[in-house]
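Data block below; observations after.
Bear in mind that the values in this text are calculations on the coordinates, not laboratory data. This structure is a prediction, so every number in the text was calculated from the model and none was measured. Don't worry about glycine lacking a Cβ; one is built from the backbone with ideal geometry, like all the others, and counts go over all protein chains shown.
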Amino acid sequence: MGPMRLIDRFGRTIEYVRLSVTDRCDLRCFYCMPKGFRDFQEPDHWLTFDEIERVMGAFARLGVRRVRLTGGEPLVRKGLPDLARRLAALPGVEDLSLSTNCTRMARHATDLHAAGISRINVSLDSLRPERFRQITGGRLDKVMDGLMAASAAGFAPIKINMVVMGGVNDDEVGDMVEFCIEHGFTLRFIETMPMGDTGRSASDHYLDLREVRRRLERRFDLVPGVMPGGGPARYVQVAGTDLRIGFITPISQHFCETCNRVRLAADGTLYMCLGQEHNLALRPLLRGGADDAELEQAIRRAIDLKPERHEFREKPGQVVRFMSMTGG
Ligand code: SAM
């Protein structure tokens with residue numbers, strides 16, 4: 001028998017898990033988490049590091065090769081480098097990465113890199129301190145300190161994720177390009193998705209990224225580019241520089257036919273799609289004494305539930321979870 005693989009009903013191989021280690025966040029991006037939101041799950045309901053390691057071990061035996069730690073803000077969870085070390089050591093896991101807002105990175109960069117996280121994605125929607133505060137409720141200087149610490153610690157690549165919103169920050173796309181050229185970062189623009197009431201309210205600012213690309217083409221010479229492991233982003237390169245720019249267009253040009261991932265929420269719920277509710281609760285299995293074979297069987301069955309595509313466009317009111325609940 002060849003190596004195990006998880007293949008869904010549409011022939012897609014699932015080899016990537018987004019692992020949310022907390023639904024808490026120290027920022028309040030207006031399009032993501034409701035202001036003053038406190039109804040966080042009780043930590044008792046979060047999977048422990050032992051449970052996470054066990055589930056990810058099962059995924060790795062089933063062919064998962066890539067794991068991304070996310071949240072909420074993953075650095076809010078205590079002991080993250082310890083978890084990272086355990087996951088990086090799992091046989092089969094080849095690539096361990098992290099999505100972070102970088103507010104706490106200055107303190108943890110060296111440990112996280114030493115633990116086996118090789119690359120990071122950082123959300124950054126504005127380079128202007130006052131605007132950054134309006135969008136996120138947080139301080140830009142902390143993020144900048146974190147970014148520079150990450151760069152010094154050796155993460156590569158560092159990808160900056162900017163959610164581009166009309167009338168909010170779309171006038172900064174050119175500045176963001178310059179900033180990423182200067183620091184050697186990769187840049188990705190993202191369209192707002194109607195996730196939860198917060199995401200839907202931001203849809204008023206939805207901007208088709210094809211328009212952003214047209215605007216950038218007036219200022220920069222963009223040539224088609226590739227990014228190893230680039231995922232769903234379509235990449236271009238700015239001529240004469242090392243900068244690659246990715247466009248992540250879940251709304252204007254969805255990419256579900258190449259989807260290779262599932263998402264494990266902090267409470268152990270496995271979601272098959274960011275934009276649909278199909279899920280499997282793994283926590284009862286883990287705490288109910290399921291053995292490894294039963295766990296693997298349950299994961300296989302869950303993959304059969306993976307829907308063909310999201311319906312953000314057709315049914316924008318559908319997803320009640322906001323982003324930090326599923327893991328962005
Ligand atoms: N805290 C980490 C971070 O900042 O990257 C990980 C979680 S965060 C939810 C992941 C990404 O989702 C961020 O880049 C954020 O901007 C994005 N995001 C959240 N809500 C969104 C929405 N409604 N539409 C598009 N992107 C969204």
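Relative to the longest principal Cα axis of the chain, at what angle does helix 173-183 sit, 0 to 90 degrees, rounded to 10? Around 70 degrees separate the two axes. Entry note: region 8-119 has Rg to Rh equal to 0.99, where both radii use alpha-carbon atoms and Rh is the Kirkwood radius.
The charge dipole of region 221-291, taken about the Cα centre with unit charges on the Cβ atoms of Lys, Arg (+1) and Asp, Glu (-1), comes to about 140 debye, rounded to the nearest 20.
Using all pairs of distinct alpha-carbon atoms, the Kirkwood hydrodynamic radius of region 204-267 works out to 13.6 angstrom. When the Cα positions of Met193, Leu209, Pro232 are compared along the charge dipole of the chain, Pro232 comes out farthest toward the positive end, with charges on each C-beta of Lys, Arg, Asp and Glu. Packing here is the average count of other Cβ atoms within 10 Å per residue, and on that basis the peptides 233-239, 44-50, highest first, run 233-239, 44-50. Packing-based ranking of 213-221, 270-278, 200-208, 70-78 yields 70-78, 270-278, 200-208, 213-221, ordered from highest to lowest mean Cβ neighbour count within 10 Å. What size of dipole, in debye to the nearest 20, comes out for region 178-256 about its Cα centre when the only charges are +1 on Lys and Arg C-beta atoms and -1 on Asp and Glu C-beta atoms? For this selection, approximately 200 debye.
Across all directions, the average flat footprint of the convex hull enclosing the Cα atoms of region 231-275 is 4.5 nm². Helix 140-153 and the longest principal axis of the Cα set of the chain meet at an angle near 70°. For the chain, relative contact order (Cα pairs under 8 Å, six or more residues apart, normalised by length) works out to 22 percent. As an equivalent ellipsoid, region 270-317 spans semi-axes of 27, 11, 5 angstrom, where each value is the square root of five times an eigenvalue of the C-alpha gyration tensor, largest first.
Its alpha carbons give region 81-169 an Rg and a Dmax of 14.3, 47 Å. Its Cα centre serving as origin, region 125-221 has a Cβ charge dipole (Lys and Arg +1, Asp and Glu -1) of approximately 120 debye.
When each of the peptides 307-314, 256-263, 185-192, 13-20 is scored by the mean number of other C-beta atoms lying within 10 Å of its residues, the order from highest to lowest reads 185-192, 13-20, 256-263, 307-314. Taken over the C-alpha atoms, the chain has Rg and Dmax values of 19.0, 60 angstrom.
Take every DSSP beta bridge whose two residues both sit in region 1-107; close to 10 percent of them are antiparallel.
If you take all other residues with their beta carbon under 12 Å from the beta carbon of Arg66, and give Lys and Arg +1 and Asp and Glu -1, the sum is +2.
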